[in-house]
Amino acid sequence: MEIDKLKRVIRRNSLIDGSRRENDAEHSWHLAMMAMTLAEHAPPGTDMSKVVAMLLVHDLVEIDAGDTFIYDPVAVEAQAALERAAADRIFGLLPDDQGARLRTLWDEFEERRTPEARFARALDRLAPIIANHHNEGGTWPLYKVTATQVMEKVRLIEEGSPTLGEYAAELVAGSVARGHLAP
């Protein structure tokens, strides 16, 4: 019952067709599918089933903490503490063994110490760039996001997958060239 609430957490990003903003459940599912289809861009030996599992649990904390807009420095500053408290509560609802397993996945995703976590985080940052690129800048113009700000997120993508980082940089450059993203 608790995870159904993820469907009510509305993100800043629009769907690629621009018809509405996506919710966290859609986002998590989309990332899991991206992991399966872009697996060839993961570092050799990456456990893709673990990546998919991380992507399915990574935003559960937003049931309590809400979606944090990554280009809002004040919100980002408060994010970690809010999300840790949410993780304590949400994963604490489960039997100890299940809660510990899911919390471990969430912690690993947040800490980015493993190839799986870095690849999962790369996909999490890549998806909104793809969406915004394909819908005339999407929410970038609305929130006055610049290419410099987006390129800071591309560095995190490069950390998880150099080839996907290169692709993201191409999308950013293309969005600037088309006038959909301020330099």
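The angle between the Cα long axis of helix 162-177 and the longest principal axis of the Cα atoms of the chain comes to about 40 degrees, rounded to the nearest 10.
Rounded to the nearest 10 degrees, the angle from helix 73-91 to the longest Cα principal axis of the chain is 30 degrees. Length gained on full extension, Arg178 to Asp4, computed as 0.36 nm times the residue gap minus the Cα-Cα distance: 58.8 nm. Comparing mean-square fluctuations of Leu123, Leu102, Leu93 from a GNM of the chain with C-alpha springs under 10 Å, the top value falls on Leu93. Pick from Asp88, Asp96, Asp59: which is most flexible by mean-square fluctuation in a GNM of the chain where alpha carbon atoms under 10 Å apart are linked? Residue with maximal mean-square fluctuation among Asp88, Asp96, Asp59: Asp96. At a probe radius of 1.4 angstrom, the accessible area of the chain per residue rounds to 51 square angstrom.
Comparing mean-square fluctuations of Thr37, Thr139, Thr163 from a GNM of the chain with C-alpha springs under 10 Å, the top value falls on Thr37. The long axis of helix 96-111 is offset from the longest Cα principal axis of the chain by roughly 30 degrees.
Specify the longest stretch of the chain that does not include any exposed loop site, a site being one of the trypsin sites (Lys or Arg not before Pro) with a non-H, G, I, E, B DSSP assignment and at most 13 other Cβ atoms within 10 Å.
On the way: sites that count: Arg20, Arg113, Lys144, Arg178.
Here the longest segment lacking exposed loop sites spans 21-112.
Within the accessible area of the chain, the carbon and sulfur atoms contribute 56%, probe 1.4 Å, all protein chains present. Excluding same-chain neighbours fewer than eight residues apart, the aspartates and glutamates reachable from Lys144 by a Cα-Cα span under 16 Å are Asp72, Glu136, Glu152.
The values are calculated or read from the model by the stated rules, or taken from the named source; none is laboratory data. Model, not experiment: these values are computed from the prediction. Ideal geometry is used to build each Cβ from the backbone, glycine not excepted, and the neighbour counts take in all protein chains shown. These area figures cover heavy atoms from the full protein model, side chains too; ligands, DNA and RNA do not enter into them. Shrake-Rupley method; radii C 1.70, N 1.55, O 1.52, S 1.80 Å.
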